[in-house]
1. Take residue B:83 and tell me if it is within 12 Å of another protein chain (Cβ to nearest Cβ), at pLDDT 95 or above and within 26 Å of residue A:190 (Cα to Cα).
2. I'm trying to understand the selection: among the residues of the stretch A:19-76, which are under 19 Å from residue A:96 (Cα atoms) and in a loop (DSSP other than H, G, I, E, B)?
3. Which one of the conditions (1) in contact (Cβ under 8 Å) with a residue 24 or more places away in the chain; (2) at the interface with another protein chain (Cβ under 7 Å from one of its Cβ atoms) does residue B:36 fail to meet, given that it meets all the rest?
4. With respect to residue B:3, determine if the residue is within 12 Å of another protein chain (Cβ to nearest Cβ) and modelled with pLDDT under 95.
5. Go through the stretch A:143-156 and report how many residues are touching a residue at least 60 places away in the same chain (Cβ under 8 Å) and more than 8 Å from chain B (Cβ to nearest Cβ).
6. What are the residues in the stretch A:163-200 that are over 29 Å from residue B:21 (Cβ atoms), within 10 Å of another protein chain (Cβ to nearest Cβ) and assigned to a helix (DSSP H, G or I), if any?
7. As an exercise: evaluate residue B:77 against (1) loosely packed, with under 13 Cβ neighbours inside 10 Å; (2) away from chain A (no Cβ under 12 Å); (3) at pLDDT 95 or above and give the number of the one condition it does not meet.
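The values are calculated or read from the model by the stated rules, or taken from the named source; none is laboratory data. Fair warning: this is a prediction, and the values are worked out from it, not measured in the lab. Backbone-built Cβ (ideal geometry, glycine too); neighbour counts: all protein chains shown.
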């Protein structure tokens, strides 16, 4: 990369304002996710039980023991702050409080650690560092800046690197482990936890699925595929040509984890976090349609990432003018639209072959 | 472009570099850590373990933790963590076999230090048996230091 290109890239990351909307979407979703994550701790502290009243293992022996009441203050304050974060009230402050509370509780004891909780801390920290309250928030309404979603996006870029490194770390560690890549680990886990898999599926699916997941040779095939999926996600998210496919694979990957393992709020958080890969530019595609065309209502309700600018024109044929100026009409236009709406992306994107 | 002081622009860049270097460090360090903290190596093993935990008394008796415990203590209440409760039951190893045994070892020490009304127990001992990714059995013995409360 030339010096000029490096300077341009650096400026793009650190100095050039872009749409912060995706971080706002992440912020909104992380509030309830954080409360769900904190629920066991809220329950315990409400019953008068704090972390220091039973076995715990400090992270560092040189840190003085933190009194139990500190945990009570931390988790309850974090939970309240998380809800305020969702609605975007005093966003910078409450998102910081949420992050500190969740991280602080995590660092009270090594027994509190889970990989999914560490991932949650990363997401919360990025939201706290970004100006995510600039849009889709009470703060924006109060400031009278509802439509202004431009801010520096270096926290989003940093989070992109962290998230992709998580996928890479997970996939690579399995790739170099013969027991994992041969399917032995997943097969043995499936056999041991087959009742849990059965409990999570409708009854008509449970038995055939359990029969499949407890078959040894199935895992000899699916384990390398799972590793390949994680590594593909880690790298595929970075290139425009592979990004949509990587997002689709990531959604499928996390849904399968949710069915087969107990990962708390990880699946939800990881899927929502995929919004950070949306191009940080809003309404750069134009949709022209007759005002009676239902697609305009769907865009109005579901275009959370503001991918489209809509122009109702009486009698107009449905047309989408893409970023590159190309035009799409009729069914292709409809598929393009629904492949860019978060709720319908997973089902429609494959129909457009990831374009 | 945003207009901000140069020191702030430099500070932001430095912060990001520290975060990313730190992340690389954490990911690499995890390979030497049975717990793989912040290494994002989920579900690394399918291992199992079980342990017979006993209180070895000052007069040499080996008493199961299921038996009445001077001071009214109960192992499950003391550890209050599903990973370590009912250790006599064969279970899936939390994270990895080594991580589970490390937690069991620490729990034994914590319990030994936090049962002041028990003046009978000299030390706690756990006889562990388990498997690492279906291979085994793996056997080992954990024990605490002698307790000062013992008379």
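1. yes
2. Result: A:20, single match.
3. (2)
4. yes
5. Adding up the residues that qualify gives 6.
6. A:178, A:179, A:184, A:185, A:186, A:187, A:188, A:189, A:190, A:191, A:192
7. (2)
Rundown of residues vs (1) within 24 Å of the chain's Cα centre (by Cα); (2) modelled with pLDDT of 95 or more; (3) closer than 30 Å to residue A:157 by Cβ; (4) surrounded by fewer than 22 Cβ atoms within 10 Å (Cβ to Cβ), yes/no style:
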| position | (1), (2), (3), (4) |
| --- | --- |
| A:26 | yes, yes, yes, no |
| A:58 | no, yes, no, yes |
| A:70 | no, yes, no, yes |
| A:77 | yes, yes, yes, yes |
| A:82 | yes, yes, yes, no |
| A:90 | yes, yes, yes, yes |
| A:99 | yes, yes, yes, no |
